[in-house]
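Written out below as structure tokens is the structure these notes cover.
Just so it is clear, none of the values below were taken in a lab; they were calculated from the coordinates. The structure displayed is predicted, hence computed values, not measured ones. Positions of Cβ are generated from backbone atoms using ideal geometry, with glycine treated the same way; all protein chains shown enter the neighbour counts.
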Amino acid sequence: MTKHCLMVGAGLSGAVIGRMLAEAGHRVTVLDARGHIGGNCHTERDADTGVMVHVYGPHIFHTDDAEVWDYVNGFETFLPYKNRVKTTSQGAVYSLPVNLHTINQFFGQTLRPDEARVFLESKADTSISDPQTFEEQALRFVGPELYEAFFKGYTIKQWGCSPSDLPASILKRLPVRFNYDDNYFFHKFQGMPENGYSAMIGRILDHANITVTLNTPVSRDQAAGYDHVFYSGPIDGWFGFDLGRLGYRTLDFERFDYRGDYQGCAVMNYGDVDVPYTRITEHKHFAPWESHEGSVLYKEFSRACGPDDIPYYPIRQVAEKTLLAEYVAKAEAEANVTFVGRLGTYRYLDMDVTIREALDCGRRYLATLETGEPMPAFTVNPL
């Protein structure tokens, strides 16, 4: 029997699930509160410079998931791109993640890999045997000098609190390399969509069984009448924030234009706490196969997310997790709605993980139609 399903949100989750159901013969309605598809992955050409702009901050595709890589390449050509981040700290420019060049440059050394390991261990606070906080994790593995230069100020600006108040899990994989590899990611597949993410998502949504309507906020009551709802908005928003709001960090962007090449790289972090922004992104460098005289840049400022702001990073500290558990219990009592994506599950998700979970979710739903089992509120436990 043909179902009519609602996707709340025209980002990656709604598009991927919607496409799978549409290809299986079901009717899909996609509604989004914003005036464009793609969610925070939305890209658009700047009219003056021709630069492809990542409107809500840069998104770089990287994954070890071959199926996900093949999936996105089925809708858009991904060209090779390596993310090489620089940071300005204490009046000098260094490569991130911290690598052998960073260590040698910072300390004025010419250390080989084995020597650098021993050297860094001599700088580390070995009295910390079981790091509990972000600060303890950094001090244990890189010591106070590198922590102060590259982690402390940036983290204070990004999260709005002391690193001693953040869990060690945020720095779960300390990015230190004892070679000269300055590729920020280590995944097998890395690239950028030749024509931007919005073009890719537009093709995913381009199916006869899919109807997309923008500028249309959707409430819980308005979602009634569909056979099933896949909700990628904020989980607390589905319930009208009746238990309170989950905490997020949001970003403010200060755009400026430049003739020529402003900083010579796509991303320049600023580790000093007295510089108010966390980084400057120069968007033409995200498409190195293109050539543009003009340049579009954004300074990024992180702050607490208010009710009218776009939520970016879930905070997920003790208070938020407690509130989340209450919303999860309410969600599991709902009928015919599944919460998906970054906002629906209140988790920070890279794009490849979002797509993987959407593929799995769509398959799970189609399987329930065969077996008659109920579709769960979550296919991945948000807690």
>> Under a Cβ-only charge scheme (Lys and Arg +1, Asp and Glu -1), can you give me the dipole magnitude of the chain about the Cα centre, in debye to the nearest 20?
In response: 100 debye
>> Quick check: from the Cα gyration tensor, does the stretch 68-196 come out rounded (a/c under 1.5), prolate or oblate?
In response: prolate
> So which chymotrypsin sites (Phe, Trp or Tyr not before Pro) in the stretch 290-380 end up in coil per DSSP with only 14 or fewer other C-beta atoms within 10 Å?
Replying inline: 348
>> Give the aspartates and glutamates whose C-alpha is closer than 17 Å to that of residue 86, dropping any in the same chain fewer than 8 places away, or say none.
In response: 148, 181, 182, 261, 272, 282, 300
>> Give me the percent relative contact order of the chain, please, defined on Cα pairs under 8 angstrom at least 6 residues apart.
In response: 25 percent
> If we count every other residue with Cβ under 12 angstrom of residue 307's Cβ, Lys/Arg +1 and Asp/Glu -1, where does the sum land?
Replying inline: -2
> How many nm is it between the label spots at residue 317 and residue 289, if each spot is 7 Å from the Cα in line with the beta carbon?
Replying inline: 4.4 nm
> Using the Karplus equation 6.51 cos²θ - 1.76 cosθ + 1.60 (θ = phi - 60°), what ³J(HN,Hα) coupling, rounded to whole Hz, does each residue of the stretch 110-126 give in order, writing x for Gly and Pro?
Replying inline: 10, 6, 7, x, 5, 5, 5, 4, 5, 4, 5, 5, 5, 8, 6, 8, 6
> If you keep only loop residues by DSSP, which GluC sites (Glu not before Pro) in the stretch 30-106 have at most 15 other Cβ atoms within 10 Å of their Cβ?
Replying inline: none
>> Given axes a ≥ b ≥ c from the Cα gyration tensor, I'd like to know whether the stretch 258-383 is rounded (a/c under 1.5), prolate (a/b larger than b/c) or oblate.
In response: oblate
> Calculated from DSSP H runs of 4 or more alone, at -39500 (n - 2.57) each and per residue, what is the 222 nm mean residue ellipticity of the chain, nearest 500?
Replying inline: -8500 deg cm²/dmol
> How far is the Cα center of the stretch 38-89 from the Cα center of the stretch 229-278, in Å?
Replying inline: 16 Å
> DSSP loop trypsin sites (Lys or Arg not before Pro) in the stretch 78-177 with at most 12 other Cβ atoms within 10 Å of their Cβ, which ones?
Replying inline: 172, 173
> Quick one: if you stick a label point 7 Å off each Cα along the C-beta vector at residue 213 and residue 334, how many nm between them?
Replying inline: 1.9 nm
> Taking θ as phi - 60°, what are the ³J(HN,Hα) couplings along the stretch 214-223 by the Karplus curve (6.51, -1.76, 1.60), each to the nearest whole Hz, with x for Gly and Pro?
Replying inline: 9, 6, 9, x, 10, 9, 4, 5, 5, 7
>> Which of the three applies to the stretch 99-171, rounded, prolate or oblate, going by the alpha-carbon gyration tensor with a ≥ b ≥ c and a/c under 1.5 meaning rounded?
In response: oblate
